[in-house]
Amino acid sequence: VLRKQLKASHTLLKHEGIKTAPQPTKSLVVANGGLGNGVSREELSAALREMGAMESLVMPPHKPYSFVTYRCEEDALKAHTQLNGQKLQCGENSIVLYLSYIDSVNHQEEVSVTLPQGLVLVEDFVSTEEEAHLLAAVDWSSTNEDVSGSAQKALKHRRVKHYGFEFCYDNNNVDKDKPLPACLPGECLPVLERCLRHGHINVMPDQLTVNQYESGQGIPPHVDTHSAFEDTILSLSLGAKAVMEFRHPDGRVVAVVLPSRSLLVMKGESRYLWTHGITPRKFDLVPACESQSAALTFPDLRTQSGLTLSKRGTRTSFTFRKIRHERCRCAFPSACDSQRTTSPPPTSPPSLPCCRADAARLEKEYVHRVYDAIASHFSSTRHSPWPRVCHFLSSLAPGSMLADVGCGNGKYLGVNHQLVAVSV
Ligand SMILES: [Zn+2]
């Protein structure tokens with residue numbers, strides 16, 4: 001067994017750059033126990049769970065190995081002693097596992113490269129017991145601020161409760177001089193300390209927003225106001241899973257499945273530049289197998305075969321943030337309210353054009369750019385043909401020529417298929 005284990009360690013280092021540790025740690029790399037070897041998450045997880053409480057199980061897509069981190073070193077030691085060189089039954093096959101200690105699990109391994117820069121998703125970040133404690137800590141029945149000491153708002157799309165500081169939806173900011181009487185619930189402390197230990201944050205958050213989404217509810221795409229909160233934003237997903245969409249100003253869209261008990265860490269570009277939101281709907285499109293391929297870019301969705309529908313349930317998110325006390329100096333001024341207020345207006349007001357080039361520039365700036373900016377909204381609100389126009393189109397003889405000049409999104413093109421239509 002030792003010889004084969006050493007060989008496995010050597011292969012991991014040579015081909016994957018994974019360095020094993022000589023002395024026991026809390027984390028192990030499980031050679032042969034990977035999705036690429038036909039080992040399912042359920043099968044491996046069942047065997048590993050018997051050795052003790054797991055903090056995380058990372059299964060990189062298409063790889064023949066996995067990473068497990070236990071809550072304590074003793075359990076990792078137990079797993080190493082009892083599972084190393086042992087067979088794991090996977091469907092009809094049995095696979096021999098080789099376990100080696102590693103100093104730390106690189107979380108980048110678990111997410112697809114298509115994730116926005118700075119975004120990290122950690123699965124199984126809290127246990128089911130912790131999940132239950134956290135959910136029980138939120139008292140939704142208390143609506144009186146004087147009694148509960150925390151502010152609750154019945155928003156149109158979801159239930160929201162704030163701790164530490166109240167978030168004001170009128171100006172999307174917080175009143176930094178008025179902390180709420182209720183600070184963060186004590187149940188959050190072990191989770192936040194784990195975030196500190198794992199290096200997801202450097203300072204303790206002082207603001208918590210709890211959102212509860214019923215099936216069919218969502219949150220519009222937004223960037224958390226730069227001047228209100230510091231860089232790192234943590235979002236813990238409890239209850240049912242949901243799909244969160246990230247949008248870059250250049251049009252890229254990345255859908256991320258947020259499994260139950262997972263932690264989403266938003267830093268840098270993913271926090272400052274990409275918007276994030278949850279589309280209000282009752283079903284999500286998710287990967288068919290519960291693999292680590294959590295991220296799916298939308299253009300790929302139509303060609304993805306391994307997708308399935310997932311019925312939404314009640315999801316509760318705990319969003320932890322640190323109040324910012326100085327103006328934001330991020331590298332994304334286009335999305336930054338701190339940097340916008342002090343910068344001069346981008347262009348001087350338009351003046352009468354003196355030449356053709358002037359006119360072309362004006363048209364580009366004030367016509368083309370505006371149309372480009374409003375096009376998708378314009379199109380989405382122009383879907384019902386006017387009855388009189390439909391009546392006119394239907395009255396034309398088959399084979400008639402139709403010129404629709406200024407056709408918008410072309411909503412009349414399909415009304416009468418017997419016409420030869422030219423749309424401009
Ligand atoms: Zn900023």
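The values are calculated or read from the model by the stated rules, or taken from the named source; none is laboratory data. Quick caveat, the model's predicted, so the values are computed rather than measured. Cβ: placed from backbone, ideal geometry, glycine included. Neighbour counts: every protein chain shown. For the accessible areas, the whole protein counts, side chains as well, though only heavy atoms, and no ligand, DNA or RNA atoms are used. Shrake-Rupley method; radii C 1.70, N 1.55, O 1.52, S 1.80 Å.
Some observations on this one:
- Qualifying residue in segment 2-19 (condition: acidic (Asp, Glu) and in contact with a strand residue (DSSP E or B) (Cβ under 6 Å, 6 or more places away or on another chain)): no
- Against the criterion of being within 11 Å of the chain's Cα centre (by Cα) and acidic (Asp, Glu), Glu269 does not qualify.
- Only one of the listed residues (Glu50, Glu43) is in contact with a Cys (Cβ under 9 Å, 6 or more places away or on another chain) and among the acidic types (Asp, Glu). That residue is Glu43.
- Checking Gly85 against (1) within 26 Å of Arg194 (Cβ to Cβ); (2) assigned to a loop (DSSP other than H, G, I, E, B), the condition it does not meet: (1)
- Scope segment 305-318; condition loosely packed, with under 15 Cβ neighbours inside 10 Å and either under 22 Å from Leu119 (Cα atoms) or modelled with pLDDT under 50 (or both); matching residues: Ser305, Gly306
- For segment 249-290, a residue qualifies if it is within 14 Å of Asp224 (Cα to Cα) and within 16 Å of the ligand (Cβ to nearest atom), and the qualifying residues are Met266, Lys267, Gly268, Glu269, Ser270, Arg271, Tyr272, Leu273, Trp274, Thr275, His276.
- Test: residue in segment 319-335 that is in a strand (DSSP E or B), modelled with pLDDT under 95, in contact with a strand residue (DSSP E or B) (Cβ under 9 Å, 6 or more places away or on another chain) and crowded, with 21+ Cβ neighbours inside 10 Å: no
- Qualifying residue in segment 117-128 (condition: outside any helix (DSSP H, G or I) and at pLDDT below 90): no
- Flag for Leu263 being under 22 Å from Gly313 (Cβ atoms) and among the hydrophobic types (A, V, I, L, M, F, W, C): yes
- Pair list, Cβ < 7 Å and 6+ apart or interchain, from segment 325-341 residues that are within 18 Å of Val203 (Cα to Cα) to residues that are open to solvent by 40 Å² or more (accessible area, probe 1.4 Å) and more than 9 Å from the ligand (Cβ to nearest atom): His325/Lys176
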